[in-house]
Amino acid sequence: VISMLFVIALLMVHSCALAAAQARGDGQYQAAVMGGAAIGNIYISSDGGAHWNKALAPQRFWTRVAVSASGQCQAAIAWAGPTTGPYAVWFSFTFGGVWQEVLSVPDTKLYGLTLSSSGNSLVVTAANGTIFSSNNYGRTWDVVATLPVPNGYLYSIGGSASGQFLTATVQYGSVFRSQDYGLSWNVTTAPTGIKWTTVSVSAQGRFQTLLGNGDFVYVSTNYGQTWQQSGVNPGWQYWQEAGACGTGKYQTAACSRCGIWISDNFGANFTVVNSTGVPTDNWNAVALSYTGKLQILGASTAFSNPGLVYTSSDYGHSWTPAALPASTWHVAMNQLSADADAPLVNVD
């Protein structure tokens, strides 16, 4: 049934895409996927997070999600469970409405995912160090590199809008960067032996932020070549994910035990957010629009956090819960600059 509906959706994409193209905006298209200890659904919004609908996709342990600049192309990773099969990458051409599996990897865990602004280029990291890449919307895949993971596993990856500049982290290992779309990789100057949890990359690739468990927030202003410790100092913490606006000026860091932290100076300093009624712990994921004005946060159901999705329309200073059920959430939104050309994909 899902395959038949996917074909129908593809046939309809031109008419629905035309209407969407007339109303596209920065941060308009958002996606939230349910993960954690139970299988869940994909939810999508086409009005900046004001309203949400369940996507046509099977229930899975969803662990990552990404959205292209136009919002038309979206990608997600599904975690293997007792009834859900191997790790897999799923893709949508229909603004997140309908999804299909495009890559299945039975013998290793898939952790990191990055999607270019055009939606055609995907890069996925596997725990064993393998890096998978597709340049045709997930239709075919290549193994472009295998990074050394002597003491941990290859975890997160962040990429520029074009996909040219990539940074990948090995938990308890090194941080690597690529300047040629993932074909070759070099070790950066970032410290080793840290449980790196995430890396965010600005649209141009110049400004990047690394988070690691402990007092480890590092920033780079030269495409990930060198790194300096940020001015944030909340003590030893469980950092989960960082997000950056298109220019890199506005950044938000989600912390499992120390709340929401925001920066308006390219990550040089972060300050904690004190927003009435917003939980202070167990934040799991974050994404920003190109300007940084619109933001989305996903939580998990632990400690005092009910496990909801929150949205902000003031650069992360205040937050409002979305009408979504409790879960462990991963989130994404489209980044569309005012002068960007984000053509829709012809899926014939």
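Listing for the model above:
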item	result
Highest to lowest packing among 165-171, 53-59, scored as the average C-beta count within 10 Å	165-171, 53-59
Karplus-derived 3J(HN,Hα), 6.51/-1.76/1.60, for each residue of segment 126-141, Hz, glycine and proline x	10, 4, 7, x, 6, 10, 9, 9, 9, 10, 9, 6, x, 5, 9, 9
Per-peptide average of other Cβ atoms within 10 Å, ordering 40-48, 110-118 highest first	110-118, 40-48
Gained length - Asn346 relative to Asn136, 0.36 nm times residue gap less alpha-carbon distance	74.4 nm
Local electrostatic count at Gly248 - Lys and Arg +1, Asp and Glu -1, tallied over other residues with Cβ under 14 Å	+1
Accessible area per residue in Å² at 1.4 Å probe, computed on the chain	39 Å²
Summed side-chain charge close to Gly152 - residues other than Gly152 whose Cβ falls under 13 Å, Lys, Arg +1, Asp, Glu -1	+2
Cross-link partners of Lys249 among lysines (Cα-Cα below 22 Å; sequence separation of 8 or more within a chain)	Lys293
Descending principal axes extents, segment 158-211, alpha-carbon based, whole Å	30, 20, 14
Per residue, the convex hull volume that the Cα atoms of segment 173-304 enclose (Å³)	106 Å³
Local electrostatic count, Ser220, Cβ distance below 13 Å [Lys/Arg +1, Asp/Glu -1]	+2
Relative intensity, log₁₀ I(q)/I(0), of segment 270-321 from a Debye sum that treats every alpha carbon as a point, q = 0.14, 0.17 Å⁻¹	-0.32, -0.47
Cα gyration tensor shape of segment 83-182, rounded if a/c is under 1.5, else prolate or oblate by comparing a/b with b/c	oblate
Ratio Rg/Rh, restricted to the chain and using Cα atoms, in which Rh is the Kirkwood radius	0.93
Built amide H within the under 5 Å cut-off of Trp239, gap 5+	Asn213, Gly214, Ser256
Sum of -39500 (n - 2.57) over DSSP H runs of 4+, divided by residues of the chain (222 nm, nearest 500)	-2000 deg cm²/dmol
Mean Cβ neighbour count within 10 Å, used as a protection proxy, ranking 67-74, 119-126 highest first	67-74, 119-126
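The values are calculated or read from the model by the stated rules, or taken from the named source; none is laboratory data. Fair warning: this is a prediction, and the values are worked out from it, not measured in the lab. Reconstructed Cβ throughout: ideal geometry from the backbone, glycine too, with neighbour counts over all protein chains shown. Ligands, DNA and RNA are excluded from the accessible area calculation, which covers all protein heavy atoms including side chains. Shrake-Rupley method; radii C 1.70, N 1.55, O 1.52, S 1.80 Å.
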